[in-house]
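> Below you will find the structure I want to go over with you.
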Amino acid sequence: MAFNEEFFIHIQGEQKGPYTYPQLKRMYENSLIPEETLYWRDGMEQMEPVSDLCGSRKRDHLRRLRRIRTTAIIVLAAAAMVTAYFAPMLREGWREMNDRDQTQEAAYWRARGFVREAIRRQDESVVFDPYTSASVSLTGTSATVILPGTVLGKGKTTWRVAMQYDIAGREWKCGDEL
């Protein structure tokens, strides 16, 4: 668009102008003329809204950006809260299934995994007491873990889990896996 074109506007029942495009755009962006203001220039058959010529206002654009930023902050905060809530459960579940070291703590976590899987097959859920409440006896490649916990809906119980460490496979095996 050539900047030397002359534009006229129809505002409050009056025709005003001529204005150059930069002048018109500046007036529009600074809200000196309303969005519904009509304009025309030589060669046009009818008047058109100045918003068609000048696009969205910077202020509207900034408002949209603020709205997007606010939404992003809310989404990130919600994701952080969900992560904070579920992260311990996910970490514990991962350790129960993947702790493969030949240590007392690894034996504890794998014993929890074995018990959780057995409980799940019975369509029940379990909450284990902390590691400090458990008893782990590790002798060579054998481990016995005494696990206190609660089967939801049934109450407190204690499991005795005997396991063998498979050195070649670097994993703990229990029961029918032996």
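> For the range 153-165, in order, what is each residue's ³J(HN,Hα) by Karplus, 6.51 cos²θ - 1.76 cosθ + 1.60 with θ = phi - 60°, in whole Hz (x at glycine and Pro)?
Each residue of the range 153-165 in turn: x, 10, x, 5, 7, 9, 10, 10, 10, 9, 9, 10, 9 Hz.
> Hey, another quick one. Rg and Dmax of the range 1-101, Cα atoms, in Å?
According to the Cα coordinates of the range 1-101, Rg and Dmax are 26.8, 85 Å.
> I've got another one for you. Suppose every Lys and Arg Cβ carries +1 and every Asp and Glu Cβ carries -1, with no other charges. What dipole size does the chain come out with about its Cα centre, to the nearest 20 debye? Kindly include the intermediate steps, with their values, before the conclusion.
Working: 25 positive and 24 negative charges, 150 e Å.
For the chain, the charge dipole is close to 720 debye.
> Add +1 for every Lys or Arg and -1 for every Asp or Glu among the other residues with Cβ under 13 Å from the Cβ of ALA72, and state the total.
On the way: positive: ARG64, ARG66, ARG67, ARG69; negative: none.
Once positives and negatives cancel, what remains is +4.
> Okay, next question. (1) 71, 19, 16; (2) 29, 19, 16; (3) 77, 17, 13: which one is semi-axes √(5λ) of the Cα gyration tensor in Å as calculated from this entry?
Correct label, based on the coordinates given: (3).
> Given a cut-off of 10 Å, what percent of all Cα-Cα pairs of the range 29-69 lie beyond it? All intermediate terms of the calculation are to be shown ahead of the outcome.
Working: 599 of 820 pairs.
That tail contains 73 percent of the Cα-Cα pairs.
> Among ILE146, ALA87, TRP109, whose Cα sits farthest toward the positive end of the charge dipole of the chain (+1 at Cβ of Lys/Arg, -1 at Cβ of Asp/Glu, about the Cα centre)?
Final value for the positive-end residue is ILE146.
> Name the helices (complete DSSP H segments) of the chain with a Cα length along the long axis of 30 Å or more and a Kyte-Doolittle mean of at least -1.0, or state none.
What comes out of the filter, once short or polar helices are dropped, is 58-98.
> So, with a 1.4 angstrom probe, what is the percent of accessible area on the range 21-159 that is carbon and sulfur? Working shown, then result.
Details: 5080 of 9070 Å².
With neighbouring chains kept in place, the figure for the range 21-159 is 56 percent.
> Of all trypsin sites (Lys or Arg not before Pro) in the range 70-178, which ones are in loop regions per DSSP and have a Cβ with at most 13 other Cβ atoms within 10 Å?
Sites meeting the loop and neighbour criteria: LYS154, ARG170.
> Measuring with a 1.4 Å probe in the full set of protein chains, what accessible area per residue, in whole Å², belongs to the chain? Before the final figure, lay out each step's value.
Details: 11840 Å² over 178 residues.
For the chain, the per-residue accessible area is 67 Å².
The values are calculated or read from the model by the stated rules, or taken from the named source; none is laboratory data. Not measured: the values here are computed from a predicted model. Methodologically, a virtual Cβ is constructed for each residue, glycine included, from the backbone with ideal geometry; neighbour enumeration extends over all protein chains shown. Each accessible area value is taken on the protein alone, full model and side chains, heavy atoms only, with ligands, DNA and RNA left out. Shrake-Rupley method; radii C 1.70, N 1.55, O 1.52, S 1.80 Å.
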